1. Specify which of the listed residues (Tyr25, Tyr8, Tyr19) is over 16 Å from Glu60 (Cβ atoms), surrounded by 13 or more Cβ atoms within 10 Å (Cβ to Cβ) and within 11 Å of the chain's Cα centre (by Cα).
2. Considering every residue within region 19-36, establish whether at least one is at pLDDT 95 or above, among the small types (Gly, Ala, Ser) and within 15 Å of Asn7 (Cβ to Cβ).
Amino acid sequence: MGTSDENYDAALCRLPDVYARALRYIDAGLPADEICAHLRIEAEALEPLLDLARRKLRTELSRT
C-alpha cells in the first residue's frame, strides 16, 4: 500500500491541471498574488478556485 504522500500526489495528478497547480502552489507557500499571476486569474477568483480544487482532491483521495 502506498504512503499518504504518494496517495496525495496521485490524487493531484488526476485533477484538472488548474486545480492541481493551484494546490501545489499553496503547498509550496506561494503568496496569493503570485498564485493568481501564475494561473492568470483575478484575485477574487482564487478562493473559489481553491475551494473547488480541495473538494475535487478530497473526492479523489476518498477513491484510494
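The values are calculated or read from the model by the stated rules, or taken from the named source; none is laboratory data. The shown structure was predicted, so the numbers you read here are calculated from the model rather than taken from an experiment. We place every Cβ from the backbone using ideal geometry, glycine too, and count neighbours over all the protein chains shown.
1. Working: Tyr8 fails: over 16 Å from Glu60 (Cβ atoms); Tyr19 fails: over 16 Å from Glu60 (Cβ atoms).
Criteria check complete, one pass: Tyr25.
2. Initially, region 19-36 is screened for residues at pLDDT 95 or above, giving 19-36.
Next, only the ones that are among the small types (Gly, Ala, Ser) stay: 20, 22, 28-29, 32.
Among the residues that remain, those that are also within 15 Å of Asn7 (Cβ to Cβ) are: 20.
Checked region 19-36: at least one residue is at pLDDT 95 or above, among the small types (Gly, Ala, Ser) and within 15 Å of Asn7 (Cβ to Cβ).
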